[in-house]
Amino acid sequence: MGAVDVKCLTFAYEGGEEVLRDISFSVSRGEVFVIAGLSGCGKTTLCRILCGIIPNMVKGSLIGKITVDGIEPAVTDLPQTALRAGMVFQDADSQIICTTVEDELAFGLENICRPPEEIRRRVDELMAEFGFEGDRQTNPSRLSGGWKKLLTIAAVLAPSPPVLILDEPMSGLDGEGRELVRAALEEQRRQGRTVIIVEHDLKLVTFADNWLILHDGGVAATGAPADLMKDGRLLGKLGLLQV
């Protein structure tokens, strides 16, 4: 069993048409895996299914079997799923809720009632790992886009979920911000964490181990980036890569 296994997944929102059709794939532990496709292809919906937002908060018709770190998000309470699969949303500002970097990193741990000494230790670890040592009392609103994104990643990782899911983590960032995020995600791979990235611009995620290409709700292609880019005609036809 992989870190993430999806078998024969089909999904439609309540009162709507199918968004995903017969999706199957597996993600190994410690792998960086990209789910790519143009807007409307179903990649964000798939992301929400993996972290349990669908169908626990957003209802619809879900067929198939999805397991994440040994649990089934569709039938598991969201707080329990969040300990297995942390989700970073596209808009960092919508995910940051505290007025200091330190409080933001501690918030999730406080919500799951971790002991104060454990919270302090883990916050210090995250400060050092992500380079926030000099920003303990900084208001996140003063951070650049790249550093805000790093903060959301670090906060989601505070409880140490083995799977990290990110919805277009480099969207809206300049070159420096994208490099900060890329380096952070590669470090998570080195630590053995499974990283799943939703993206539409494949040039930003060539460091991934595998790509899953969605088109019109189905799987158009899967494989290692180098293999899929050898020909390039399919990716170019789908508008995902300039050839």
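Points to keep in mind about this one:
- Tilt relative to the chain, helix 116-130 - C-alpha long axis, 0 to 90 degrees, to 10: 60
- On Cα atoms only, tilt of 145-157 relative to the major axis of the chain in degrees: 90
- Counted by Cβ distance under 14 Å from Gly60, the other residues give a net charge of 0, where Lys and Arg count +1 and Asp and Glu count -1.
- Each Cα pair under 8 Å and six or more residues apart adds its separation to the average, and for the chain the resulting relative contact order is 27 percent.
- In the range 3-88, GluC sites (Glu not before Pro) in a DSSP loop with at most 15 other beta-carbon atoms within 10 Å: Glu14, Glu17
- Simple spin-label estimate for Lys203 and Ala183 gives 2.2 nm between the two label positions (7 Å along the Cα-to-Cβ direction from each Cα).
- Helix-derived mean residue ellipticity, 222 nm - over the chain, DSSP H n ≥ 4, -39500 (n - 2.57), to 500: -10000 deg cm²/dmol
- Low-density loop positions, trypsin sites (Lys or Arg not before Pro), the range 1-89 - DSSP coil, at most 16 other Cβ in 10 Å: Arg29, Lys59
- Recomputing mean projected area of the Cα convex hull in nm² from the coordinates shown identifies the correct label among (1) 23.9; (2) 12.9; (3) 14.3 as (2).
- Helix 101-111 axis, angle to the chain major axis (alpha carbon atoms, nearest 10°): 70
- Other residues whose C-beta falls under 11 angstrom from the C-beta of Gly217 contribute a net charge of -2, scoring Lys and Arg +1 and Asp and Glu -1.
Coordinate-derived values only; no laboratory data. These numbers were taken from a predicted model, which means no experiment stands behind them. Cβ: placed from backbone, ideal geometry, glycine included. Neighbour counts: every protein chain shown.
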